[in-house]
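**Q** Input: one structure, supplied below.
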Amino acid sequence: KTITGIPLRGMLLGAPGAGKGTQTERIKNYFDITAVSSGNLLRQNIAMNTQVGIIAKEIIERGDLVPDNIMVSLIENELAKIHNQNWLLDGFPRNVEQAQALDRMLENYNCPLNMVVSLDVPQDIIIARITERYVHIPSGRVYNLTYNPPVVPGVDDITGEPLVHRPDDNPDTFRLRLDKYNRITSPLLDYYAKKGVLRTYSGNTSDIIFPQIYNLLSNIFIM
Ligand code: ATP
Ligand code: MG
């Protein structure tokens, strides 16, 4: 429970590879928060060959953004399932149009976003570590061969299932994604700063940033 009784409506904002997925996993280990990751949802849809997955596959592989109408209905569906819980978005919204759609969605629940955390990691550091990233698709768990390698190489710690290197994590596609972030997503920093809900935490690694988020959430939640 939160101290105020108002549920957490949170969102992690950050460049691709900034560690949104890693922070989300760690947050879930300590707090009663349900995470909704747009990238994980899309990758699961691709793995299951759903209609959304079939459309999204090529778009993601070339480093583009999936159309807003698809993303908005995907997220709207997820949020409808968890509207009484504390929740945290990872990867959505990704442009101002999506942010406005989310605002409209939340009007129905009478509870706007109340915590946006920006993960501020130098982009040269992000580029250096991206080729070392592996993911477990069903859970979205993220590993980095240097910073948090799996216990057994190539397999997920919890399930023992195989890890994969994302096809969009190659250097060329990754640069396109970073460029998209800088042009299309980063204006959200201003959008949420103006609403007074933005906090920015800086650091070169997720280990440096996590304690700052933990500290923030400890002040919001009754432990
Ligand atoms: P990371 O996983 O490193 O935190 P990322 O932002 O690059 O960063 P995901 O969030 O997993 O990766 O998204 C992967 C891809 O899925 C994006 O490059 C994009 O094509 C698509 N995608 C995810 N969320 C959205 C969204 N809100 N709008 C449009 N496309 C999206
Ligand atoms: Mg992610």
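The values are calculated or read from the model by the stated rules, or taken from the named source; none is laboratory data. The structure displayed is predicted, hence computed values, not measured ones. Glycine also receives a Cβ, built like all others from the backbone with ideal geometry; neighbour counts cover every protein chain displayed.
**Q** Going residue by residue through the stretch 34-56, is there one that turns out to be of a type outside the set (S, T, N, Q), modelled with pLDDT of 95 or more and on the phi > 0 side of the Ramachandran plot?
**A** Looking for residues that are of a type outside the set (S, T, N, Q), modelled with pLDDT of 95 or more and on the phi > 0 side of the Ramachandran plot, one finds none in the stretch 34-56, hence no.
Okay, residues lined up against (1) more than 10 Å from ligand 1 (Cβ to nearest atom); (2) touching a helix residue (DSSP H, G or I) at 6+ places or on another chain (Cβ under 6 Å); (3) among the aromatic types (Phe, Trp, Tyr):
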| position | (1), (2), (3) |
| --- | --- |
| GLY14 | no, yes, no |
| ARG26 | yes, yes, no |
| ASN29 | yes, no, no |
| ASN40 | no, no, no |
| SER73 | yes, no, no |
| LYS81 | yes, no, no |
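**Q** Would you check which residues across the stretch 99-156 are of a type in the set (D, E, K, R) and either closer than 24 Å to LYS180 by Cβ or touching a helix residue (DSSP H, G or I) at 6+ places or on another chain (Cβ under 8 Å) (or both) and list them?
**A** ASP103, ARG104, ASP120, ASP124, ARG129, GLU132, ARG133, ARG141
**Q** Looking at ILE75 and the list (1) part of a loop (DSSP other than H, G, I, E, B); (2) within 16 Å of ligand 2 (Cβ to nearest atom); (3) on the phi < 0 side of the Ramachandran plot, which single condition is not satisfied?
**A** (1)
**Q** Right, something else. Can you spot a residue in the stretch 118-141 that is closer than 30 Å to LYS1 by Cβ, charged (D, E, K, R), buried (at least 18 other Cβ atoms within 10 Å of the Cβ) and within 16 Å of ligand 2 (Cβ to nearest atom)?
**A** Yes.
**Q** Within the stretch 1-55, which residues are aliphatic (A, V, I, L, M), assigned to a loop (DSSP other than H, G, I, E, B) and more than 12 Å from ligand 2 (Cβ to nearest atom)?
**A** First, the residues of the stretch 1-55 that are aliphatic (A, V, I, L, M): 3, 6, 8, 11-13, 15, 18, 27, 33, 35-36, 41-42, 46-48, 52, 54-55.
Narrowing the set further to residues that are assigned to a loop (DSSP other than H, G, I, E, B) leaves 3, 6, 8, 15, 18, 33, 48.
Selection gives ILE3, ILE6, LEU8, ILE33, MET48.
**Q** A further question on this structure: Just checking, which of GLY91, GLY140, GLY196, GLY154 is of a type in the set (Gly, Ala, Ser), under 19 Å from ASN45 (Cβ atoms) and modelled with pLDDT of 95 or more? Reasoning before the result, please.
**A** Values: GLY140 fails: modelled with pLDDT of 95 or more; GLY196 fails: under 19 Å from ASN45 (Cβ atoms); GLY154 fails: under 19 Å from ASN45 (Cβ atoms).
Matching residue, one of GLY91, GLY140, GLY196, GLY154: GLY91.
**Q** Follow-up. Looking at the stretch 1-36 only, could you name the residues that are among the small types (Gly, Ala, Ser) and either touching a residue at least 40 places away in the same chain (Cβ under 8 Å) or touching a Ser or Thr at 6+ places or on another chain (Cβ under 9 Å) (or both)?
**A** The answer is GLY10, GLY14, ALA15, GLY17, ALA18, GLY19, GLY21, ALA35.
**Q** Can I ask one more? Residue under question is LEU65, and the condition is that it be buried (at least 19 other Cβ atoms within 10 Å of the Cβ) and aliphatic (A, V, I, L, M); does it hold?
**A** no
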